[in-house]
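Novice: Handing you this structure, nothing more for now.
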Amino acid sequence: MGWYGPLVAMKALTSTRGVTIYAVAERAGVSIATVSRALRDPGLVAEATRARVEAAVAELNFMPSRLGRSLAEGRHAANGIVFPDLIGPYYAEVLLGYEEAAADLGRSVLILGTRGRADPTAQVLDLAGRVDGLVVMGQTVADDVVAAIAASGPPVVLLARPPVAGADTVTAENEAAGAELARHLLGHGYRRFAFLGDPAGSPDVAGRYAGIAGALADAGVRPPAPLRCAFDVTAGHEAAVTLLKRRTRPQAVICANDEVALGVQEACADYGLDIPTDLALTGWDDVMTARFVGLTTVRQPMRDLGATAARWLHDRIKERTESAETGPARTKVLPTQLVVRRSCGPHDPD
């Protein structure tokens, strides 16, 4: 908290009438933790002790602030969420879902984006020390860091990454949807494919590529090696230019997300190519722009991902407050949906 930490804590522990919880504890002859328990859950405190606390509260006209209660109980009334990046509609939608659910549960939110951070691990550990619970999205820090926080720090919920011991995990379905998308494109007669995205940089993208590659292989079509790129419009445009300069162009380009697909669409316009006549195109996420440009994609429950993480984290925080025992780690996979639009071509007749 720095040199000013004790001053901030003391101020926060002051009631709205200027009386501190320390004064109540001193008057009642108990610890501040006992005062907090007596006010929050009287059933946890012996009757005689509770009576002394109540008498001290009445005598001093004490009215605890919410932040004061949180600090006295070792809580902060705030949750943290760690993103690999804060740019792009996907992250914005997940964050909206998270913040809306957290607000409904009376929690504030501290947000950390690790992109460009010199030492993201240190930043995440610092955040973990200032919140009651932490959501970690994607491959922002190593598994051993997550496991260490979950074991000795606040509860942890993982978003869009494989499970780690001691942490709950919320993901969206990727592999089966990727296979469904590939089979749909095969049904149009396409046999030359390109995949734009980096499976090594995202567990979600790795699952998508695995499903696509498996379905193509099952159909006797050689899966394309991924053309690795970042997950934004500019990267999609640059990767598409590389593709379009090849002697033999793919018939269908499958993109790791909608932003990459929009970059491909821009590059096709630059080269005078029509989608889907000259090139079929698909994305992933179903961001709002995808709907306006007629992009075939896979719809993710982006807001529900964030909201589920917020609710699960709240459950874990409450569980730790009320009992020394915690339940086993949970995993939830939210469904995705293939959304067919004009960018992949008309349906071929059976």
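The values are calculated or read from the model by the stated rules, or taken from the named source; none is laboratory data. Not measured: the values here are computed from a predicted model. Cβ placement follows ideal geometry from the backbone for every residue including glycine, while neighbour counts extend to all protein chains displayed.
Novice: Checking the structure you have, find out if any residue of the range 196-205 is in a helix (DSSP H, G or I), free of Cβ contacts under 8 Å to residues at least 12 places away in the same chain and either buried (at least 17 other Cβ atoms within 10 Å of the Cβ) or not hydrophobic (A, V, I, L, M, F, W, C) (or both). Walk me through it before giving the result.
Specialist: First pass over the range 196-205, keeping only residues in a helix (DSSP H, G or I): 199-201, 203-205.
Restricting the remaining residues to those that are free of Cβ contacts under 8 Å to residues at least 12 places away in the same chain gives none.
Taking every residue of the range 196-205 in turn, none turns out to be in a helix (DSSP H, G or I), free of Cβ contacts under 8 Å to residues at least 12 places away in the same chain and either buried (at least 17 other Cβ atoms within 10 Å of the Cβ) or not hydrophobic (A, V, I, L, M, F, W, C) (or both).
Novice: Hey, another quick one. Residues being of a type in the set (A, V, I, L, M) and out of contact with any helix residue (DSSP H, G or I) (no Cβ under 8 Å at 6 or more places or on another chain): count how many of those fall in the range 214-229.
Specialist: Of the residues in that region, 2 qualify.
Novice: Hey, could you check the range 78-88 for residues that are under 15 Å from the mean Cα position of the chain (by Cα) and either of a type in the set (A, V, I, L, M) or part of a helix (DSSP H, G or I) (or both) and say which is farthest from Ala307 (Cα to Cα)?
Specialist: Ile87
Novice: Go through the range 130-176 and give me each residue that's at pLDDT 95 or above and of a type in the set (D, E, K, R).
Specialist: Result: Asp168, Glu173, Glu175.
Novice: Considering only the range 226-269, state which residues are free of Cβ contacts under 8 Å to residues at least 24 places away in the same chain and either in contact with a strand residue (DSSP E or B) (Cβ under 8 Å, 6 or more places away or on another chain) or more than 18 Å from Tyr190 (Cα to Cα) (or both).
Specialist: Result: Thr242, Lys245, Ala269.
Novice: Assuming Ala165 fulfils every condition listed in (1) without any contact (Cβ under 8 Å) to a residue 40 or more places away in the chain; (2) not in a helix (DSSP H, G or I) apart from one, which condition is it?
Specialist: The one condition Ala165 does not meet is (1).
Every residue, every condition in (1) under 17 Å from Pro89 (Cα atoms); (2) crowded, with 18+ Cβ neighbours inside 10 Å; (3) in contact with a Ser or Thr (Cβ under 9 Å, 6 or more places away or on another chain), yes or no:
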| site | (1), (2), (3) |
| --- | --- |
| Leu244 | no, yes, no |
| Val260 | yes, yes, no |
| Tyr271 | no, no, no |
| Phe292 | yes, no, no |
| Pro301 | yes, yes, yes |
| Leu334 | no, no, yes |
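Novice: Might you check whether a residue that is surrounded by fewer than 13 Cβ atoms within 10 Å (Cβ to Cβ), at pLDDT 90 or above, assigned to a loop (DSSP other than H, G, I, E, B) and in contact with a Lys or Arg (Cβ under 9 Å, 6 or more places away or on another chain) occurs anywhere in the range 24-33?
Specialist: Yes.
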